[in-house]
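**Student:** Handing you a structure now.
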Amino acid sequence: MTQANASAMTGAKMIVKALKDQGVEVVFGYPGGAVLPIYDELFLQNDIRHILVRHEQGAVHMAEGYARSTGKPGVVLVTSGPGATNAVTGLTDALLDSIPLVVLSGQVPTFMIGTDGFQEADTVGITRPCTKMNWLVKDTAKLAETIHTAFHVATSGRPGPVLVDIPKDVQFAQAEYVAREKIKTSHYQPRVKGDIEAITKLVELLEKAERPVFYTGGGVINSGTAASQLLRELVDATGFPITSTLMGLGAYPASGRNWLGMLGMHGLYEANLAMHGCDLMINIGARFDDRITGRVADFSPHSVKAHIDIDPSSINKVIRVDLPIVGDVGHVLEDMLRIWKSRGRKVNKEGLAKWWAQITEWKAVDCLDYKNSEKTIKPQYALQRLEALTKGMDRYITTEVGQHQMWAAQFLGFDAPNRWMTSGGLGTMGYGLPASIGVQVAHPEALVINVAGEASWLMNMQEMGTAMQFRAPVKQFILNNERLGMVRQWQELLHGERYSHSWSESLPDFVKLAEAFGCKGIKCSDPKDLDDAIMEMIRYDGPVIFDCLVEKHENCFPMIPSGKPHNEMLLGEAETQGVIKAGGAVLV
Amino acid sequence: MSALNITKGSSSHSAYDLRDPYAEVIESHTLAVLVDNESGVLARVIGLFSGRGYNIDSLTVAEVDHTGHRSRITIVTRGTPQVIEQIKAQLGRLVPVHAVNDLTVEGPAVQRELALLKVAGKGDARIEALRLAEIFRANVVDSTLESFVFEMTGTPEKIDAFAELMRPLGLREVARTGVAALSRGA
């Protein structure tokens, strides 16, 4: 313990000061024994707002929504033991989707560590594989520096969640505060500039390509709004088609001329066939996830592949690429544009014209077409109406995980980055509701809608209490089919229509549930009433739970069945019989 | 895993078989990893190997710079070239890792391991053990009328060979340090 002197302060005070030093405005958290000194310091100040959640998992998803919609790191404060273990799902989610988070957890005092104390857990041990980095701080003198380093690590290179575990005695002890500028420079400085020679090589490929396609991902969004601007300039100037992963939606506008729509397992026909048939694939900040590639051996067999990624371990992890460029997307795009312009803005016009003609043919298939109904609300129709009625508004969308998530990605259009928050890599049911609150906290005046399925939504529905307490007017747009829709779809296609436990009985009355929370409930089951009901939801000044009763057995198409390549897509019900072989059934 | 009948080569963390298309020769590589000697750093490295299904044949670790608090971890691992590259990239992005060197591909390197072997026996076997130890330049560091403890350094292959010869002569126990390695030249 350091001797008290004039400028010394307690660890708890130091934590709050360090957060302010880092420009933190909001903390999502839940108090408990091991963090009470920090909560005491929060009580004594007004600069940092604390959002009291109902479950620590909710806190982490809120911080994710906050981070993804602002580009700033999200901050979470939880207590020891169960507080920290409840945060694990959120940490893993943020790790897989590269979301910058700083999670502070309390710990039993240092002299009790290892004694199985009350609410003791090996938090750094448990969270080591689900954080980018974590620290157990045993000395108050190192606390401020560790927190500053934590922010640096969370936001540098490929962003991710970090955790700082702080024993209670360290919070009480006094030491000298170290300011943000005063800490010694971290050796962790990932390279942001791409290799100019490789970028020039890529420009040469751009100039000659007959059938190019841009395949972009969450890395563009993580790189910042400037990267999205550069991407737009490059795509529009070259006239190349562009598709994106689930995580990258909005980087290039959905209303843009060259937009093919999302690719992957439930991606658009034209996007997947363009990936399969291209001769030059330019991967910008995406990671060849298995939802994207389908059968790896048959993935885009005739293309030269370039891959721009800030994380060297993404290169050649799944798909072998011909031209890797390690660097920040924004920096690489800037150099790429500059070099391409200086060489005379060349493209293969003849080849491109033919390529677009081919793509236009694929588009004519109209893969998102579905059979609408006058009697029941089709989930696709509900989203089309939501899109039409909210277009042009200052709108943010979050989702849960499942069919509704894929339909939302297909039917909602995003014209700007940071407007679409969804759990991509981990596929965490229960993400959307808390994430929507985090987004709303960051953008109090915006329209924030969580497109949900009823099963996912129930997983973290306790957070409606948080929405009410902090006046976050989030709209919960629940596509209620009374089924675990995606599970049911797979059981239909793969498991002989044996619907094992994919049907939840005893669902709550969502309108009454809304009333119980003190917010507004709306129920709609007739397509004719849908527009009015959606408008009522939008206009209501406060949180709304919208129970949209939809067709119960609708399947999500297009679909690339497990273990199939991009050119073997299913477009509708008629094609689904016996398509998934035993080999494919093993895959998730 | 066995219930699902996933074929050999599948990775345990992903449903898709990432290895098979590139299933080439399995190579052995010796990696030198320079890390901050901080709490949990070894767990971080080992967790990376177990979590992603990589192999560790041998691992040694000790602080090599007491003022800068740096440790050198020497790992002998196996995998296809693609997996080896992935291991290096994954190690490289760990925050406490300063450098990853692949001593197998970055020019010639010296590899040494230390082993202690206890051999018990009487009569001809005992004499034969001592004679072989001389050939292998193993030192006797403990001796009773019925046993020797030999100390030897060398490549893992040399130690394997010596241990194999000792087996019929009364080999009781072996303790090995794992490989330490440095590149040759300046």
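Please treat every number below as a calculation from the coordinates, not as lab data. Treat the numbers as computed from the prediction; the structure is a model and nothing was measured. Ideal geometry is used to build each Cβ from the backbone, glycine not excepted, and the neighbour counts take in all protein chains shown.
**Student:** Which longest run of chain A has no exposed loop site in it, a site being GluC sites (Glu not before Pro) in a DSSP loop with at most 10 other beta carbons within 10 Å, and the site itself not part of the run? It would help to have the intermediate numbers written out before the result.
**Tutor:** On the way: sites that count: A:E374, A:E445, A:E497, A:E505.
The answer is A:1-373.
**Student:** Can I ask one more? Calculate the all-directions average of the projected area of segment B:21-102's alpha-carbon convex hull, and give it in nm². Before the final figure, lay out each step's value.
**Tutor:** Values: hull surface 20.3 nm².
Average projection, Cα convex hull of segment B:21-102: 5.1 nm².
**Student:** Return the tail of the calculated pair distribution for segment A:425-515, meaning the percent of Cα-Cα pairs more than 17 Å apart. Display every interim value, and only then the final one.
**Tutor:** On the way: 2213 of 4095 pairs.
Across segment A:425-515, Cα pairs with separations above 17 Å total 54 percent.
**Student:** In percent, what relative contact order does segment B:109-183 have, based on Cα pairs under 8 Å that are 6 or more apart in sequence?
**Tutor:** Working: 134 pairs, mean separation 39.1, N = 75.
After rounding, I find 52 percent.
**Student:** 222 nm [θ] for chain A, helices only, -39500 (n - 2.57) per DSSP H run of 4+, per residue, to 500? Before the final figure, lay out each step's value.
**Tutor:** Values: 24 runs with 223 residues, N = 588.
One gets -11000 deg cm²/dmol as the mean residue ellipticity at 222 nm.
**Student:** Could you give P(r) for segment A:432-475, binned at 5 Å from zero, as whole percent values over all Cα-Cα pairs?
**Tutor:** Whole-percent P(r) values from 0 Å outward: 5, 28, 35, 21, 9, 1.
**Student:** Related question: Show that you can apply the helix-only estimate: for chain B, add -39,500 (n - 2.57) for every DSSP H stretch of four or more residues, divide by all residues, and state [θ] at 222 nm to the nearest 500.
**Tutor:** On the way: 4 runs with 47 residues, N = 186.
Computed ellipticity for chain B at 222 nm equals -8000 deg cm²/dmol.
**Student:** Give the separation of the Cα centroids, segment A:313-368 to segment A:13-46, in Å.
**Tutor:** Each part's Cα centre sits 46 Å from the other's.
**Student:** How long, wide and thick is segment A:8-182, going by the Cα atoms along their three principal axes, in whole angstroms, largest first?
**Tutor:** Here the spans come out as 37, 36, 28 Å, largest first.
**Student:** Could you calculate, for segment A:352-453, the ratio of the Cα radius of gyration to the Kirkwood radius, expressed as Rg to Rh?
**Tutor:** 1.04
**Student:** Mind sorting A:S186, A:S156 by how few other Cβ atoms lie within 10 Å of their own Cβ, fewest first? All intermediate terms of the calculation are to be shown ahead of the outcome.
**Tutor:** Working: A:S186 13, A:S156 18.
If I rank by nearby Cβ atoms, fewest first, I get A:S186, A:S156.
**Student:** Tell me the trypsin sites (Lys or Arg not before Pro) within segment A:302-351 that lie in a loop according to DSSP and have at most 12 other beta-carbon atoms within 10 Å. Spell out each step's value before the answer.
**Tutor:** Values: sites: A:K305, A:K317, A:R320, A:R338, A:K341, A:R343, A:R345, A:K346, A:K349; in loops: A:K317, A:R320, A:R343, A:R345, A:K346.
Filter output for segment A:302-351: A:R345.
**Student:** Same structure again: Normalised radius of gyration for the protein assembly as shown, please: alpha carbon Rg relative to 2.2 N^0.38 Å, two decimal places.
**Tutor:** That works out to 1.06 for the protein assembly as shown.
**Student:** So what's chain B giving for Cα Rg divided by 2.2 N^0.38 Å, two decimals?
**Tutor:** Values: Rg = 20.1 Å, N = 186, 2.2 N^0.38 = 16.0 Å.
Computed over Cα atoms of chain B, the ratio equals 1.25.
**Student:** Using the crude model of +1 on Lys and Arg Cβ and -1 on Asp and Glu Cβ, and no other charge, please compute the dipole size for chain B relative to its Cα centre, in debye to 20. Intermediate results must be reported in sequence, preceding the final value.
**Tutor:** Working: 20 positive and 23 negative charges, 26 e Å.
For this selection, approximately 120 debye.
**Student:** To the nearest Å, what is the center-to-center distance of segment A:177-244 and segment A:419-488, using C-alpha atoms only?
**Tutor:** Each part's Cα centre sits 31 Å from the other's.
**Student:** At 10 °C and 1.306 mPa s, what whole-number value in µm²/s does Stokes-Einstein give for the translational diffusion of segment A:196-363, with Rh from the Kirkwood sum over Cα pairs? Let's see the in-between values first.
**Tutor:** Numbers: Rh = 15.4 Å.
For these conditions, the coefficient is 103 µm²/s.
**Student:** Which value, in nm² and rounded to one decimal, describes the direction-averaged projected area of the C-alpha convex hull of segment A:195-280?
**Tutor:** Working: hull surface 22.7 nm².
Mean projected area for segment A:195-280: 5.7 nm², to one decimal.
**Student:** Next question. Over segment A:459-588, calculate the relative contact order: mean separation of alpha carbon pairs under 8 Å at least 6 apart, over the residue count, as a percent. If you can, show how the numbers build up before the last one.
**Tutor:** Numbers: 175 pairs, mean separation 38.0, N = 130.
That works out to 29 percent.
**Student:** Only bridges whose two residues both fall in the protein assembly as shown count here: according to DSSP, what percent of them are antiparallel, nearest 5?
**Tutor:** On the way: 49 of 114 bridges.
Roughly 45 percent of the DSSP beta bridges within the protein assembly as shown come out antiparallel.
**Student:** On to the next question. Counting residues in segment A:371-427 as N, plug N into 2.2 N^0.38 Å and put the Cα Rg over that result.
**Tutor:** On the way: Rg = 12.2 Å, N = 57, 2.2 N^0.38 = 10.2 Å.
Dividing the Cα radius of gyration by 2.2 N^0.38 Å gives 1.19.
**Student:** Going by how many other Cβ atoms sit within 10 Å of their own, how do A:T146, A:T422, A:T200 line up, fewest first? Walk me through the numbers before you get to the answer.
**Tutor:** Working: A:T146 19, A:T422 24, A:T200 15.
Listed from fewest to most nearby Cβ atoms, that is A:T200, A:T146, A:T422.
**Student:** Right, next: On a C-alpha basis, how far is the centre of segment B:89-134 from the centre of segment B:29-52 in Å? Whole number, if you could?
**Tutor:** When both Cα centres are located, 19 Å separates them.
**Student:** What's the Cα-based Rg to Rh of segment A:379-549, Rh via Kirkwood? Please report the intermediate quantities before stating the final value.
**Tutor:** Numbers: Rg = 15.2 Å, Rh = 16.0 Å.
Value, to two decimals: 0.95.
**Student:** In whole Å and largest first, what semi-axes does the C-alpha gyration tensor of segment A:260-321 yield when each eigenvalue is scaled by 5 and square-rooted? Don't skip to the end; give the middle numbers.
**Tutor:** Values: eigenvalues 64, 31, 26 Å².
Working from the Cα gyration tensor, I get semi-axes of 18, 12, 11 Å.
**Student:** Another one. What's log10 of I(q)/I(0) for segment B:108-186 at q = 0.14, 0.23 Å⁻¹, Debye sum over Cα points only, no solvent?
**Tutor:** With no solvent term, the Cα-only Debye profile gives -0.44, -0.99.
**Student:** Further question on the same structure: Please go through segment B:122-171 and write out the GluC sites (Glu not before Pro) that DSSP classes as loop and that have at most 14 other C-beta atoms within 10 Å. Write out the running numbers ahead of the final one.
**Tutor:** On the way: sites: B:E128, B:E134, B:E146, B:E151, B:E157, B:E164; in loops: B:E146.
Passing sites in segment B:122-171 are B:E146.
**Student:** For segment A:78-167, go through all pairs of different Cα atoms, get the mean of 1/r, take its inverse, and jot down that Kirkwood value in Å.
**Tutor:** Kirkwood hydrodynamic radius for segment A:78-167: 12.9 Å.
**Student:** Taking other Cβ within 10 Å of each residue's Cβ, how do A:D509, A:D289 sort, fewest first? Before the final figure, lay out the partial values.
**Tutor:** Details: A:D509 12, A:D289 20.
In order of increasing Cβ crowding within 10 Å: A:D509, A:D289.
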